[in-house]
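For reference, the structure discussed in these notes is given below.
The values are calculated or read from the model by the stated rules, or taken from the named source; none is laboratory data. These numbers were taken from a predicted model, which means no experiment stands behind them. Here the Cβ positions follow ideal geometry from the backbone for every residue, glycine too, while neighbour counts run over all protein chains shown.
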Ligand SMILES: Nc1nc2c(ncn2[C@@H]2O[C@H](COP(=O)(O)OP(=O)(O)OP(=O)(O)O)[C@@H](O)[C@H]2O)c(=O)[nH]1
Ligand SMILES: [Mg+2]
């Protein structure tokens, strides 16, 4: 124990040590530090307490984040921690063949059964595709009304925050019945599929009444928008129709609880009787809204094609850094599509890179121009090899 501490310090130390609640512990520790001796012999002790304070603050932050996640995603049981370069949720009616797909493309061994709800809670597995991992999450089968409560609601909460929804359609059963339930439940959970999030932008402003920009993009009579906003007594708002948009899209944009998710359809059990006709019907009805991939999990047909289509729906790209004279890194940096050199640099060097940036070289083996010297704003492509030089 260090000598030369005041009685106040000793008293406060006892209080601090006996406090259990983290938030309160932080307050007590801050008080303790303010009472700490200033002389040289106390430096180390003060340093240790400061470190402890930083740890406590980090812990508190983490707890708060976990609480938030729990509140928005249901109970702990239904929450799936995101892992890998992207997450895909498999959504379909029970028994449609979700687990069979996951078992066919991952190391997972989910239970498969011809009875309903074999998979009762959201369950993740990892799909390895070349050099990246994609997390596949099987959600329990949806049914009419499943968004309203319980595990069905939790499952849809996972789907709200996912990177891509794969709608699984069983080609041995009626298409419309399945689609109506699945699309109905997702819609009721305020999940919009493949919709343009940026078509309508809403800005709440302090003053200024009602303003509409880009009215020519509105598909309908702009008067009805004015009327609607007035009727709802919405004021001090700017509505921007940035792209062609409908009244429904305006309503969604005004509703902060709506989530926009990329989606595709996997049509499975392609080996079953009558599957060809049903697949044709599916294409006729839904191919304008979704990419549709036919597979058979049981026969192992078109699973590679399915996996790469999932990858494409994550809207990500892979970049490999390289030191001149050496082989490129084996593991890619994964970035959102549309990223530029600076984004990749930011991931490698974290801070100060832009100030110290000297040059970047992109190597594209399969391109006509195999080597190009580029700037920080140069757009990246999937598979780019990147050499960065800084001072
Ligand atoms: N013919 C055929 N049958 C399949 C295929 N995939 C799955 N099945 C069968 O469909 C039934 C349900 O398969 P699961 O993979 O358990 O379906 P699930 O969607 O995970 O079902 P739950 O978790 O219970 O909602 C099982 O009897 C499987 O054998 C397939 O590609 N072809
Ligand atoms: Mg299952």
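Output the residues belonging to region 82-95 that are near ligand 1 (Cβ under 8 Å from one of its atoms) and out of contact with any helix residue (DSSP H, G or I) (no Cβ under 6 Å at 6 or more places or on another chain).
94, 95
Just to verify a result, which residue in region 90-135, among those that are buried (at least 17 other Cβ atoms within 10 Å of the Cβ), within 16 Å of residue 316 (Cβ to Cβ) and in contact (Cβ under 8 Å) with a residue 60 or more places away in the chain, is farthest from ligand 2 (Cβ to nearest atom)?
132
Is it the case that residue 255 is closer than 29 Å to residue 166 by Cβ, loosely packed, with under 15 Cβ neighbours inside 10 Å and either at pLDDT below 90 or out of contact with any strand residue (DSSP E or B) (no Cβ under 9 Å at 6 or more places or on another chain) (or both)?
When the stated conditions are applied, residue 255 passes them.
For region 96-122, which positions are in contact with a strand residue (DSSP E or B) (Cβ under 7 Å, 6 or more places away or on another chain) and within 9 Å of ligand 1 (Cβ to nearest atom)?
Taking region 96-122 and keeping what is in contact with a strand residue (DSSP E or B) (Cβ under 7 Å, 6 or more places away or on another chain), we get 96-99, 101-102, 105-106, 108, 110, 119, 122.
Matches in region 96-122: 96, 97, 98, 99, 101, 102, 110, 119.
Which one of these is more than 16 Å from ligand 2 (Cβ to nearest atom) and surrounded by 19 or more Cβ atoms within 10 Å (Cβ to Cβ): 186, 207?
186
I'd like to verify a number: residues in region 140-150 that are surrounded by 15 or more Cβ atoms within 10 Å (Cβ to Cβ) and either more than 16 Å from ligand 2 (Cβ to nearest atom) or within 16 Å of the chain's Cα centre (by Cα) (or both), how many?
Total satisfying the criteria: 1.
From 362, 295, 333, which residue is in the same structural domain as residue 266 (by TED's automatic domain parsing) and crowded, with 17+ Cβ neighbours inside 10 Å?
Working: 362 fails: in the same structural domain as residue 266 (by TED's automatic domain parsing); 333 fails: in the same structural domain as residue 266 (by TED's automatic domain parsing).
Going through 362, 295, 333 in turn, the sole match is 295.
Can you confirm whether residue 53 is crowded, with 16+ Cβ neighbours inside 10 Å and either modelled with pLDDT of 90 or more or in contact with a strand residue (DSSP E or B) (Cβ under 7 Å, 6 or more places away or on another chain) (or both)?
no
For region 322-343, which positions are in a strand (DSSP E or B) and out of contact with any helix residue (DSSP H, G or I) (no Cβ under 6 Å at 6 or more places or on another chain)?
Selection gives 322, 328, 334, 336, 340.
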